[in-house]
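Novice: Here's a structure for you.
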């Protein structure tokens, strides 16, 4: 069930991507189905989780590396999964009314569901390495969401900044997780949490803590890395409401809670986490007061509340952990409602500038009422949820550990937080809904559609319910979540509105009164509407990025200023140095003692002679591009023949088809280039290049020779041959290697191929050619009947399907079959032109690439149904009434994905090359 819960958002995102013709309403319903069904599945686990059970599932992936697809649902994961799904469902409803007709609902909801799935993966992961994978996926998907309005420069900059900062933190977190796994002996979360004493006693504990906290602080926007979060306000408001209430920025404090039993309990943890949390608490609150943008004010207040949660986990007492978890819940509800209220104001007023607002309660009374209640919850006013967790915070600050000076400093910071929190909450309420105004709004303010207010009303109702009846509403949830953090050490507590007259209550009163006085004193004594505080972080970030680009330009100018020739020179030199290192020192005799060469038949000598001759001819005629290309084709043909002679038919077929396709495409590409290539300027460079080429070739030849003359029992091939049929159910070991033993490599290779095809497509699509330039395509129609190409295609298709279906047990496979079907289309292009190619198939090649990658991923995931690791070949034997015995392997689905990607990628490049001129001329005509 946990696997299904995690898969729901990704499946919904895929369904939306594959339904381009769906209406906005249908797309929204498809997006809402994932969180709603997820909540239903989560509800099924709720009784067991509340009773202390920890449902889980685990599928081994790379057991040698400690990586497993492990999921677990303890109290903490249950609470966060509820937040992610519950607020996610409300965000989908809100976004349906927020997005304009010009915005792509399909793209938006697809990104949102991708992010939802990534966040669910973080909270449900039972393996730390798996959690890091989903952690990085949250950074990538948030980058897409923040930069959704990619026509705006601030959105692009905010997305890049968020990805850079959180991405660096993710790399640091990976390092910390690897060290934790080394100390604990496992990456499984149950083992890690039980190894807290060993981790804290380890000499690597300071490094572990520093790396993990780097990931936490960057993701949860802690000082001094907090500056990225306000820049992310360029995202659509539904994104801001989701990322900054229940998901993205909460991932950091979730990890702090998740690893609390393993990392907390030392003075280093106490002082570092508490100090950073206290500084962030005050910096965020102070800057929030002076923001003129509604979302900017809320962004800095989010930073402050994240600092509060971090500080509480830094204190590490059981009740401080309770307060931290409680404030995560409270902040999610009132902050999501406030962001959505800010989006309503922006949507219905045309601006988020507080200086142009005022008195909006007369135009938007219902929105004003909801936003005011949520603001009071944020300020910590009694009978609202924020008051309860704020009082708990004050109580824990007053009892912070020794020394007494540190306790006093934390108490002062807590009191200042109370004052500043009331001040910026009052700024939100007063400047938007009270006072005079509005002033020159672009549109007349009015209430939004009723259903756009419903998500805000639900969250505000929760704020009231928790604030008035905490024991009945949130206490069971909070106890369940705290038990997921502290386990048996979880304290016994009860929530109530009134605890009598005590010092925390006095601090709350002082904070409210002080906040009122401070805010109105600022308005009277200071031109609040003229002030705008900006942090140095954003300026330093852009300064560093600019300097990095300048350094890259200088480096590129020195290394690659001579074009591809110089780049190849340095690449080969580096490869030679790195490749030679294992053979230096004690390894100098690594190749010694190899047996002598084996006898070679006359045909082998003939192939070798032609191959060497073609290679030397390529070197001699490389300046003449067309001649060199023809000779290179001869070289490839001889390599293919050599593979066939060495009993490698799969390689021979692949090499032959690759030569046929690439040589033809390269001949088309020659039309862009001069007939002759530039020669080396000096004899020294020619001899230098010759020497490096000879050394590199000799090194490759030596390694190839060493592999060929090894004894069969010493070669890896013997083991692969022995395991191919019994474990992967395939007699063709080459195909088994591609789709099973090294299936992940193949998946990466087809991804690279897809990316290369898309890059070529993009470059040629937007190419600006002069009208007099020669473009790819047959300059003269060849006098060959079109009927021949029509006959050739079904024959090639038949051969392609035949090679594909037999690939698991005989020479063939998805890659060869994909190239086979591309060959007749290539011939048709040469004979009839690009328009004939475009009319051959009735689907979009870009979507074909996406479909192929999706099929390949589905084939890998299908292995899980057989209880096997990702991309391992699962096998099923069926006995059907008419057909009889039918063996099925999950590798066939993966190979189908390879087939589609290769075919669609090759034809995408081909069709784009043939339409450059037409599209370019049309674009010039439009200009």
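Read-outs: derived from the displayed coordinates by stated rules, not from any lab. None of these values were measured; they are calculated from a predicted model. All Cβ positions, even for glycine, are placed from backbone atoms using ideal geometry, and neighbour counts span all protein chains on display.
Novice: Starting from the Cα gyration tensor of the stretch 216-264, take the square roots of the eigenvalues, sort them a ≥ b ≥ c, and report rounded, prolate or oblate (rounded when a/c is under 1.5, otherwise prolate if a/b is larger than b/c, else oblate).
Specialist: oblate
Novice: Between residue 29 and residue 544, what is the label-to-label distance in nm when each label sits 7 Å out along the Cα-to-Cβ direction?
Specialist: 4.9
Novice: Shifting gears a bit: Report the normalised scattering of the stretch 274-543 as log10 I(q)/I(0) at q = 0.09, 0.11 Å⁻¹, calculated by the Debye formula with identical scatterers on the alpha carbons.
Specialist: Result of the Debye calculation: -0.41, -0.61.
Novice: If I stretch the segment between residue 454 and residue 182 completely, what's the gain in nm (0.36 nm per residue apart, minus their alpha carbon distance), one decimal?
Specialist: Stretched out fully, the residue 454 to residue 182 stretch lengthens by 93.0 nm.
Novice: Next question, about the same structure. Sorting check: for 807-819, 52-64, 202-214, which peptide has the highest mean count of neighbouring beta carbons within 10 Å, and how do the rest follow?
Specialist: For the peptides 807-819, 52-64, 202-214, the packing ranking is 807-819, 202-214, 52-64.
Novice: If you line up the long axis of helix 128-146 against the longest principal axis of the chain, both from Cα atoms, how many degrees apart are they, to the nearest 10?
Specialist: Rounded to the nearest ten degrees, it is 80.
Novice: Full-extension gain between residue 581 and residue 190, please, as 0.36 nm times their residue separation minus the C-alpha to C-alpha distance.
Specialist: Net length gain for the segment: 136.6 nm.
Novice: For the stretch 1-263, state what percent of all Cα-Cα pairs lands in each successive 5 Å bin, counting from 0 Å until the bin that includes the largest distance.
Specialist: 1, 6, 13, 17, 18, 16, 13, 8, 4, 2, 1, 0
Novice: Return the distance in nm (one decimal) between the two label points of a simple spin-label model at residue 58 and residue 503, each offset 7 Å from Cα along Cα→Cβ.
Specialist: Once both label points are built, they end up 4.6 nm from each other.
Novice: Before rounding to the nearest 500, sum -39500 (n - 2.57) across all DSSP H runs of length at least 4 in the chain and divide by the residue total; then give [θ] at 222 nm in deg cm²/dmol.
Specialist: The per-residue figure over the chain is -23500 deg cm²/dmol.
Novice: Please order 372, 199 by the number of other Cβ within 10 Å, starting at the fewest.
Specialist: Ascending number of Cβ neighbours within 10 Å: 372, 199.
Novice: Calculate the FRET efficiency for residue 152 and residue 888 from the Cβ-Cβ distance with a Förster distance of 56 Å, rounded to the nearest 0.05.
Specialist: According to the calculation, E is roughly 0.65.
Novice: If each of residue 41 and residue 725 carries a label point 7 Å out from its Cα toward its Cβ, how far apart are those two points in nm?
Specialist: 4.0
Novice: Estimate the FRET efficiency between residue 496 and residue 447 by the formula 1/(1 + (r/R0)^6), using the beta-carbon distance for r and 35 Å for R0, to the nearest 0.05.
Specialist: That pair, residue 496 with residue 447, gives E of 0.40.
Novice: Let me see the P(r) profile for the stretch 435-506: every Cα-Cα distance counted, bins of 10 Å, each bin given as a percent of all pairs.
Specialist: Spelled out bin by bin, the stretch 435-506 gives 15, 24, 27, 16, 15, 3 percent.
Novice: To the nearest 10 degrees, how steep is helix 205-219 against the longest Cα principal axis of the chain, on a 0 to 90 scale?
Specialist: 80
Novice: Here's another thing I want to ask about it. Report the extension gain between residue 765 and residue 565 in nm, rounded to one decimal, defined as 0.36 nm multiplied by the number of residues separating them, less their alpha carbon distance.
Specialist: 69.4 nm
Novice: I would also like to ask the following. Compute the acute angle (0 to 90°) between the alpha-carbon long axis of helix 891-913 and the principal axis of greatest extent of the alpha-carbon atoms of the chain; round to the nearest 10°.
Specialist: With rounding to tens, the tilt is 80 degrees.
Novice: Let's test the formula: R0 of 60 Å, r as the Cβ-Cβ distance of residue 624 and residue 22. What FRET efficiency results, to the nearest 0.05?
Specialist: Between residue 624 and residue 22 the formula returns 0.65.
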